[in-house]
Amino acid sequence: MITPESIKEIEKRAYRATFDDGLYDILFGVAFLILAWISTLDSIGVPRLYGYLSVIILPLIPLLGKKYISTPRLGAVEFGPRRKSKKLFLLVIIGAVIFLQMPVIMIAGAGGFFEVLGGSLSVPVMVGMIIAPLLLLAAYFIDYPRMYIYAVLLLVSIPHAAFMYEFVGVPFNGLISFGIPGLVILIYGLNLLAKFIRKYPLPTPEANHAG
Amino acid sequence: MPAENNTGGNKLPEIDRLVHEPARYNIMALLYVVTRAEFLFVQNQTHLTPGNLSSHVSKLESAGYVDIQKQFVGKLPKTFLSLTQRGREAFEDYRNRMKELFTTPLNVQTDPDTE
């Protein structure tokens, strides 16, 4: 029997299929590794600018991956108004959260909060304070459950890095606390991508025609 | 064509056989929740072969339930499927009739000769 819940499940299943490629998992893995790298820059005498510039590659991962790997294999789809309005609502919420968070972060920074954690962690801490709540919201609104885990990992990594600072100092605290989770997530994402490519081989030209 | 049971004379609701077929139902259910989808996407989600999907889509198109758009994306021809308004109404009507079918109580009368 077809129930409204069944229709919702069909839509959710179709939508989640677009995440099967692991590209967003690769993105988060690389993001963690970039955080680990940025936390080491001061100690190796590299300007932080190079770390910030490396962030540019992040959006390229899903953009280019979807265009050249996923969509040619899975097929293109445009979801309905309900999904689009959810995304729009999410953008509004993200904007509001950032607007509310920025004064808090600026006040914390002015009070030397970040230096207490070890100056090299200032960027990861700021990123964590802004990004982690947004990841939690995004996970809810776009039905991407793994994002909850990545948000929690980000939140846990920050105090873990501060804790590790007492034992291993810089830059190893950042490398361990952000680098290890980043590597694990990246490997997981690459594994998903490999499975996706095996599951959805490139179709023959005849396979994409009706009639 | 309405079906009659043998006991209470209850008339079962008329069901659109075109939508009722499992493969076509899956196709219409998927297209119902999206604006439009590439033929390849529908094939992957419904696990039908290209020929099988093409056959069902042709029947749905003939009934005016599905719209087929062929366009070029770069140099590659692509086929996009979407439900027409008539198709959406037919699918919703099918859902309602099935719901009615499963929620209507049956007047079951036992045959005294078999007891």
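The values are calculated or read from the model by the stated rules, or taken from the named source; none is laboratory data. Bear in mind that the values here come from a model prediction, so they are computed numbers and not experimental data. Don't worry about glycine lacking a Cβ; one is built from the backbone with ideal geometry, like all the others, and counts go over all protein chains shown.
List pairs: first residue in the stretch A:40-54 and surrounded by 15 or more Cβ atoms within 10 Å (Cβ to Cβ), second residue in a loop (DSSP other than H, G, I, E, B) anywhere in the structure, Cβ distance under 6 angstrom, at least six positions apart or on different chains.
A:Thr40/A:Pro171
List pairs: first in the stretch A:161-176 and buried (at least 17 other Cβ atoms within 10 Å of the Cβ), second assigned to a helix (DSSP H, G or I) and of a type in the set (Asp, Glu), Cβ under 9 Å, 6+ apart or cross-chain?
Final answer for the pair search is A:Asn173/A:Glu166.
Please indicate, with yes or no, whether at least one residue in the stretch A:128-135 is more than 25 Å from A:Phe99 (Cβ to Cβ) and surrounded by 20 or more Cβ atoms within 10 Å (Cβ to Cβ). Explain how you work it out, then say what you get.
Going through the stretch A:128-135, the residues more than 25 Å from A:Phe99 (Cβ to Cβ) turn out to be none.
No, the stretch A:128-135 contains no residue that is more than 25 Å from A:Phe99 (Cβ to Cβ) and surrounded by 20 or more Cβ atoms within 10 Å (Cβ to Cβ).
Okay, residues lined up against (1) within 23 Å of A:Tyr52 (Cβ to Cβ); (2) modelled with pLDDT of 75 or more; (3) among the small types (Gly, Ala, Ser):
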{"residue": "A:Arg82", "(1), (2), (3)": "no, yes, no"}
{"residue": "A:Lys86", "(1), (2), (3)": "no, yes, no"}
{"residue": "A:Leu90", "(1), (2), (3)": "no, yes, no"}
{"residue": "A:Ile93", "(1), (2), (3)": "no, yes, no"}
{"residue": "A:Gln101", "(1), (2), (3)": "yes, no, no"}
{"residue": "A:Ala108", "(1), (2), (3)": "yes, no, yes"}
{"residue": "A:Glu115", "(1), (2), (3)": "yes, no, no"}
{"residue": "A:Met129", "(1), (2), (3)": "yes, no, no"}
{"residue": "A:Leu136", "(1), (2), (3)": "no, yes, no"}
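Condition first: of a type in the set (A, V, I, L, M) and modelled with pLDDT of 85 or more. Can you find one or more residues in the stretch A:42-51 that meet it? It would help to see each step written out before you state the result.
The first filter runs over the stretch A:42-51 and keeps only residues of a type in the set (A, V, I, L, M), leaving A:44, A:46, A:49.
Subset that is modelled with pLDDT of 85 or more: none.
The answer is no; no qualifying residue exists.
For A:Phe89, are the conditions met, namely being of a type in the set (Phe, Trp, Tyr) and either more than 13 Å from chain B (Cβ to nearest Cβ) or out of contact with any strand residue (DSSP E or B) (no Cβ under 8 Å at 6 or more places or on another chain) (or both)? So that I can check it myself, show each step before the final result.
Values: of a type in the set (Phe, Trp, Tyr): yes; either more than 13 Å from chain B (Cβ to nearest Cβ) or out of contact with any strand residue (DSSP E or B) (no Cβ under 8 Å at 6 or more places or on another chain) (or both): yes.
So A:Phe89 passes the test.
Going residue by residue through the stretch A:65-74, is there one that turns out to be over 21 Å from the mean Cα position of the chain (by Cα), surrounded by 11 or more Cβ atoms within 10 Å (Cβ to Cβ), among the hydrophobic types (A, V, I, L, M, F, W, C) and within 20 Å of A:Pro203 (Cβ to Cβ)? Give the steps one after another, and end with the answer.
To start, the set of residues in the stretch A:65-74 that are over 21 Å from the mean Cα position of the chain (by Cα) comprises A:72-74.
Filter once more, so that each one left must be surrounded by 11 or more Cβ atoms within 10 Å (Cβ to Cβ): A:72-74.
This time we only want the ones that are among the hydrophobic types (A, V, I, L, M, F, W, C), so: A:74.
Keeping just the survivors that are within 20 Å of A:Pro203 (Cβ to Cβ) gives A:74.
Yes, that holds for at least one residue.
Yes or no, residue by residue, for (1) within 10 Å of chain A (Cβ to nearest Cβ); (2) touching a residue at least 12 places away in the same chain (Cβ under 8 Å); (3) over 24 Å from A:Tyr15 (Cβ atoms); (4) within 14 Å of the chain's Cα centre (by Cα):
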| residue | (1), (2), (3), (4) |
| --- | --- |
| B:Thr35 | yes, yes, no, no |
| B:Phe39 | yes, yes, no, no |
| B:Gly51 | yes, no, yes, no |
| B:Ser62 | no, no, yes, yes |
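Looking at the stretch A:186-206 only, could you name the residues that are modelled with pLDDT under 95, over 14 Å from A:Ser70 (Cα atoms) and assigned to a helix (DSSP H, G or I)?
Within the stretch A:186-206, A:Pro205, A:Glu206 meet the criteria.
So A:Leu135 clears everything in (1) more than 23 Å from A:Asp20 (Cβ to Cβ); (2) touching a helix residue (DSSP H, G or I) at 6+ places or on another chain (Cβ under 6 Å); (3) of a type in the set (A, V, I, L, M) except one condition, right? Which one?
Against the list (1) more than 23 Å from A:Asp20 (Cβ to Cβ); (2) touching a helix residue (DSSP H, G or I) at 6+ places or on another chain (Cβ under 6 Å); (3) of a type in the set (A, V, I, L, M), A:Leu135 comes up short only on (1).
I'd like to know if the stretch A:51-64 contains one or more residues that are polar (S, T, N, Q) and either more than 14 Å from chain B (Cβ to nearest Cβ) or assigned to a loop (DSSP other than H, G, I, E, B) (or both).
Going through the stretch A:51-64, the residues polar (S, T, N, Q) turn out to be A:54.
Pick out the ones that are also either more than 14 Å from chain B (Cβ to nearest Cβ) or assigned to a loop (DSSP other than H, G, I, E, B) (or both) and you get A:54.
Yes: the stretch A:51-64 contains one or more residues that are polar (S, T, N, Q) and either more than 14 Å from chain B (Cβ to nearest Cβ) or assigned to a loop (DSSP other than H, G, I, E, B) (or both).
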